[in-house]
Structure formats: structure tokens, C-alpha cells
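This report refers to the structure that appears directly beneath it.
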Amino acid sequence: MRMAVPSSPPLVTVICATFNSSSLLKLALGSLLDQDLTDFEAWVVGDACTDDSAEVVTSFQDSRLRWTNLPHNSGSQAAPNNEGLRRSRGRYVAYLGHDDLWFPWHLSGLVRFIEETRADFAHSLSAVIGPNGVDLTLGPPLIGRTYGNSYVPPSSWLHRREIVEECGWWADHLKIGDNVDNDYLRRVYQAGKRIELCRQLSVVKFPSAWWKSYSSGGDHPQESYLASMRKDPEATQRRILLESVTVWTRHLGVGVPARQALGQALRVLAHRVIDAYGRERWPLADLLRRRHQRQRLRRRAQRGLAS
């Protein structure tokens, strides 16, 4: 049944950037509509989509889901996210990757947590799914790292609307030396905003490079995960957590090879040196940008996208 458009602003605006992945988008939006917090609006923003993504959005017949399509492809989530932010009316902003899934308590848990802690920016735990099952769990920064140099998936974020006014828009991916999500989180951290971990597993993430999400021949496991989450979300969460613990136990049992441990230590040191020098200072800014653009092109090929 189609819902009436609320006259008052919603509690949460959900932004979902997408590009020509309508089958995965349908599953992601299904997990959004399964949320036990219903006071939200969602802007699904196509990056110049040419498939049936618009029809997928309207097929749900839910007026909380809004669709818009950018006229030109930007090649990054940044431009669609900015368009969603311009249209947002919510007190809080969340982001949903078009190939990721949310447990039903994702929004309610984060909203309750951010209001109780009065944080500016909150995130939950994310289980990262690879071809062999749960590969790792992403949460707070590792030892020796900060939110200024750590990866936290945007699908796990919830932030106050004022963050945009104080920290700005998502950056142009062609002009920076890092991923746009890392860059945005770093600016929030550098602005002195309070970032807190909500200790709940509420996101299941499927890295597009691992699953070749944009390739027609790719294997997409989201459907089976969503079916399991709908049948018994608590049992599915327990299973994923048990897999995560098993993976870590195996790593601990084997131990970290000296070469790998040295590499991790050097990466921590490199991040500290870069942050101390300043990512925006010449010539480091140009070197980082050039390196990132090479990496970006390689990742696009891994995801099944044209360079």
C-alpha cells in the first residue's frame, strides 16, 4: 500500500547512491523497508543509470522511497551522496550501499545510541562477506590508528545533519588522494566531532571488487542473506558473529607472520607520518592523488566497470 508523504520532516534521511545494479538495489531497499524504525525518507540517487533502477524503486509503491537520476555519470558515490544531502530533510543522515544489507534494528539502534551519547557521528559493526563467508568484521580503528586514517563503511554511518553544514560536502574523487568515504570521515575527525561506535552488528557488506557486482556474470549472495535475515534476524546475526569469531581464532592460532606484522607496523607509521606532515601539503598531496587514481582504475576493473 502506498504511504502518504509526511508533512513534517522525517527523523532520518537515508541516501543510497547507485549505478546500474538494479537487482542488488532491490535487495538493499528490501532491507531498508524491513527496518523497525519507520520514520525515514530515502533518496535513491542514480549516477546516470541506464538500467531499470527507477522502476525497481517505484515497484515498492512506498512514498518514503524517492528516486532521482544524475544527468552525467560521475564515477563515484560522492556526487550522488551530495545530491541526496541537498534534498535531505531528516535530523539524521544514513547511507546505504546499493549492494549492502541492513539488519532490521540498524536505524533504530543507531538513532537510540546517538541520542543517548549525544555523539555527532556514530557507526555500527559491519560484517564483510567474501566468497568463503565472513571474511572480517569492521568497527573502530585498529590499535595505533584513529578515525582520521581508518576505513569505516558508510553503510554503517549515522550522523547529525549539522555535520554537512560544518564539514562540507563529499569531495570530488578526481581531486583527492584517498577514497571519498575515507576523506569525509577524516574531515569529520579533524573538525573535532565526536565519533562513537555503537556496539551492534547491523550491516552486512559485500565488497563490489570481490563479487564483481557490476559484472553480469558475477555471483551475488545478497538474496540468500536477506532471506535468512527475514526468516530469523537474531539467528542470522549469531551465525555471522560466530563465523567472525572463528575467523579471528584461526588467525590467532596461526599467528601473524613476522613479515606481515612488520608490514602492519610500517603502515601505521606511514599514516602517522602522512598525518603529521599534512595530506594537503605539496608535494605529498599530488603524490597521494596520483597513486589513488591508479588504484581507483584498478578497482573499477575488478568491479566489472569500464575504466
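The values are calculated or read from the model by the stated rules, or taken from the named source; none is laboratory data. Note that the structure is predicted; figures quoted are calculated from it, not measured. Please note: Cβ atoms are built from the backbone with ideal geometry, for glycine as well, and neighbour counts cover all protein chains shown. The protein model used for the area step is the full one, side chains on, heavy atoms only, and it has no ligands, DNA or RNA in it. Shrake-Rupley method; radii C 1.70, N 1.55, O 1.52, S 1.80 Å.
Structural remarks
- Within segment 206-230, considering residues that are outside any helix (DSSP H, G or I) and open to solvent by less than 30 Å² (accessible area, probe 1.4 Å), the one modelled with the lowest pLDDT: Gly218
- Of all the listed residues (Phe113, Phe103), the sole one being open to solvent by less than 20 Å² (accessible area, probe 1.4 Å), among the aromatic types (Phe, Trp, Tyr) and farther than 19 Å from Thr18 by Cα is Phe103.
- Residue among Leu138, Leu197, Leu185 that alone is over 14 Å from the mean Cα position of the chain (by Cα) and either within 25 Å of Leu107 (Cβ to Cβ) or open to solvent by 20 Å² or more (accessible area, probe 1.4 Å) (or both): Leu197
- Among residues of segment 141-170, those that are open to solvent by less than 40 Å² (accessible area, probe 1.4 Å) and free of Cβ contacts under 8 Å to residues at least 12 places away in the same chain, counted: 1
- Qualifying residue in segment 19-33 (condition: open to solvent by 20 Å² or more (accessible area, probe 1.4 Å) and either of a type in the set (Phe, Trp, Tyr) or over 24 Å from Tyr225 (Cβ atoms) (or both)): yes
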